[in-house]
Amino acid sequence: MRIGMLTSGGDCQSLNASMRGVAKSLYENLKDVEIIGFLEGYKGLIYGNYRKMETRDFSGILTEGGTIIGTSRQPFKLMRTPDANGLDKVKAMKDNYKKLGLECLVILGGNGTHKTANLLREEGLNVVTLPKTIDNDIWGTDITFGFQSAVNIASNAIDCIHTTAASHGRVFIVEVMGHKVGWLTLHAGIASGADIILLPEIPYDIDKVVEAIEKRTREGKSFSILAVAEGAISKEDAALPKKKLKEKRAQAAKKYPSVSYEIGAKIEEKTGQEIRVTIPGHTQRGGSPCAYDRVLSTRFGAAAAKLILHKDYGYMVGMRNGEIVKVPLEEVAGKLKMVNPDASIINEAKLVGISFGD
């Protein structure tokens with residue numbers, strides 16, 4: 001049996017661990033199996049860049065971050081658009097799949113990756129996917145691999161800010177990854193004791209943010225820490241039509257490096273307090289996977305191999321209520337798992353005094 005494998009989109013800490021889970025399970029349960037690794041994601045499948053993987057390639061990578069076969073972003077909206085040389089990308093992927101005599105494709109990636117994976121399923125290819133993203137925003141699974149590792153890193157960044165914030169009596173903003181969803185900011189903020197958490201799903205009122213800071217000042221607390229998602233948005237901006245919002249953001253980008261600097265400037269103007277911004281950035285996607293992600297990835301990988309062994313294709317491996325499940329790709333593609341503003345975790349965070357600026 002010959003299996004194709006690729007990792008697409010942004011990297012994260014547990015891609016290698018997940019591929020290892022698939023490979024070791026297949027090697028253990030099949031007498032004759034060959035794994036073809038496509039290099040740099042869908043780009044490798046489109047242009048036929050691949051290498052035959054050996055069993056030794058999957059040894060010693062459980063704790064290794066990144067991806068041993070590389071990755072790239074190939075926007076789903078451009079998949080039906082010919083490349084600069086007129087190449088039909090979808091046809092090229094199908095042709096390479098057939099030329100190599102693949103039984104199926106194992107695809108590891110996030111939301112855009114799953115849209116393309118579902119497209120390939122609709123085109124008749126056998127596909128099994130695994131949910132990768134530090135954003136934890138893939139529909140159909142409670143958790144994605146990479147998320148907990150990123151939470152640990154973002155939490156540590158906020159933890160490290162506490163001592164300097166307390167020493168200088170300043171307001172610190174830590175900007176956490178997450179353009180459209182706030183799971184990472186929410187969990188890191190709660191885990192590290194942030195006083196204010198701003199998420200894309202809960203538009204903030206800057207006056208409410210200032211009110212929360214001033215309340216702490218009245219209580220004799222000399223500093224405040226904000227965990228801000230990079231996609232945080234004000235109530236004023238959230239009410240704008242898309243075109244107007246895009247124009248306003250373009251203007252803001254000329255003055256502020258990111259949303260956190262804009263929020264910081266407004267807080268400083270209203271309170272007179274010194275504001276400092278820290279952006280952990282891509283450190284949140286790097287380094288070794290945490291123990292939780294290593295276990296999760298091993299389970300996901302084994303479950304994907306089980307689907308292949310049973311020739312049960314067209315599914316994403318996910319987790320619900322602690323149990324591994326298979327989710328039809330057509331149900332996953334094109335959906336985001338957002339933070340519900342009325343979720344119990346939000347209400348519980350508010351009970352302990354965390355402000356969401358609303």
Just to be sure I understand: of the beta bridges DSSP finds with both ends in the range 140-265, what percent are antiparallel, rounded to 5?
10 percent
So for each of 237-245, 44-52 I average, over its residues, the number of other beta carbons within 10 Å; can you give me the resulting order with the highest mean first?
44-52, 237-245
Options Pro131, Gly110, Leu120, ranked by Cα towards positive dipole end of the range 98-141, top entry (Cβ charges):
Leu120
For the range 240-358, with only Lys/Arg (+1) and Asp/Glu (-1) charged at the beta-carbon, what is the dipole magnitude about the Cα centre, in debye rounded to 20?
520 debye
Under the Karplus curve 6.51 cos²θ - 1.76 cosθ + 1.60, θ = phi - 60°, whole-Hz ³J(HN,Hα) for the range 14-26, x wherever Gly or Pro sits
10, 4, 5, 4, 5, 4, 4, x, 5, 4, 4, 5, 5
antiparallel share of DSSP beta bridges within the chain, to nearest 5, in %, is 25 percent
What percent do you get for the relative contact order of the range 64-196 when only Cα pairs under 8 Å and 6+ apart count?
16 percent
May I ask you to evaluate 6.51 cos²θ - 1.76 cosθ + 1.60, the Karplus curve with θ = phi - 60°, for each residue of the range 303-315 and list the ³J(HN,Hα) values in order in whole Hz, giving x for glycine and proline?
5, 5, 4, 4, 4, 5, 4, 9, 6, 9, 10, x, 10
Extension gain, Thr81 back to Lys246 (0.36 nm per residue minus Cα-Cα distance, nm)
56.9 nm
Under 19 Å Cα to Cα from Lys306, which aspartates and glutamates show up? Leave out anything in the same chain fewer than 8 places away.
Glu28, Asp32, Glu34, Glu103, Glu323
On the full set of protein chains, 1.4 Å probe, figure out the accessible area of Lys215 and give it in Å² to the nearest 10.
100 Å²
The local net charge around Asp88, scoring Lys/Arg +1 and Asp/Glu -1 for residues other than Asp88 whose Cβ lies under 10 Å from its Cβ, equals +2
What dipole magnitude, in Debye to the nearest 20, does the range 1-143 give about its Cα centre under +1 on Lys/Arg Cβ and -1 on Asp/Glu Cβ?
380 debye
In whole angstrom, how far apart do the alpha carbon centroids of the range 39-102 and the range 238-280 sit?
38 Å
Cα-Cα over 19 Å: which of Lys91/Lys115; Lys31/Lys52; Lys132/Lys180; Lys208/Lys255; Lys52/Lys98?
Lys208/Lys255
In sequence order, what are the phi-derived ³J(HN,Hα) couplings for the range 270-276 according to the Karplus relation 6.51 cos²θ - 1.76 cosθ + 1.60 with θ = phi - 60°, rounded to whole Hz, with x for glycine and proline?
7, 10, x, 7, 6, 10, 10
Dipole check, the chain, charges on Cβ (K,R +1; D,E -1), about Cα centroid: among Ser258, Gly231, Ala92 the Cα furthest to the positive pole belongs to Ala92
Figure the gain on full extension for Glu211 and Lys311 (residue separation times 0.36 nm, minus the Cα-Cα span) and round it to one decimal in nm.
30.2 nm
Any idea what the relative contact order of the chain is, in percent, if you count C-alpha pairs under 8 Å spaced at least 6 apart?
24 percent
For Gly334, which sequence-distant residues (separation of 5 or more, or a different chain) have an amide H within less than 5 Å of its own amide H, given hydrogens modelled in the peptide plane?
Lys115
Which entry in (i) 1.08; (ii) 1.17; (iii) 0.98 matches Cα Rg over 2.2 N^0.38 Å derived from the coordinates of this structure?
(i)
What full-extension length gain, to one decimal in nm, is calculated for Lys235 and Asn156 as 0.36 nm per residue of separation minus the Cα-Cα distance?
25.5 nm
So how tilted is helix 206-218 from the main axis of the chain? Cα-based, degrees 0 to 90, rounded to 10.
60 degrees
Rank Thr163, Val33, Ile345 by how far each Cα sits towards the positive end of the charge dipole of the chain (+1 on Lys, Arg Cβ; -1 on Asp, Glu Cβ) and give me just the farthest.
Val33
Quick check on the chain: helices-only [θ] at 222 nm, where DSSP H runs of length 4 and up contribute -39,500 (n - 2.57) each and the sum goes over total residues. Nearest 500, please.
-12500 deg cm²/dmol
For the ranges 28-35, 98-105, 311-318, what's the packing order if you count other beta-carbon atoms within 10 Å of each residue, average per peptide, and put the highest first?
311-318, 98-105, 28-35
Using the Cα centre as the reference, give the magnitude of the dipole from point charges on the C-beta atoms of the chain (Lys, Arg: +1; Asp, Glu: -1; all else neutral), rounded to the nearest 20 debye.
880 debye
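The values are calculated or read from the model by the stated rules, or taken from the named source; none is laboratory data. Not measured: the values here are computed from a predicted model. Every residue, glycine among them, receives a Cβ derived from its backbone with ideal geometry; neighbour counts consider all protein chains shown. The accessibility values were calculated without ligands, DNA or RNA, using every heavy atom of the protein model including side chains. Shrake-Rupley method; radii C 1.70, N 1.55, O 1.52, S 1.80 Å.
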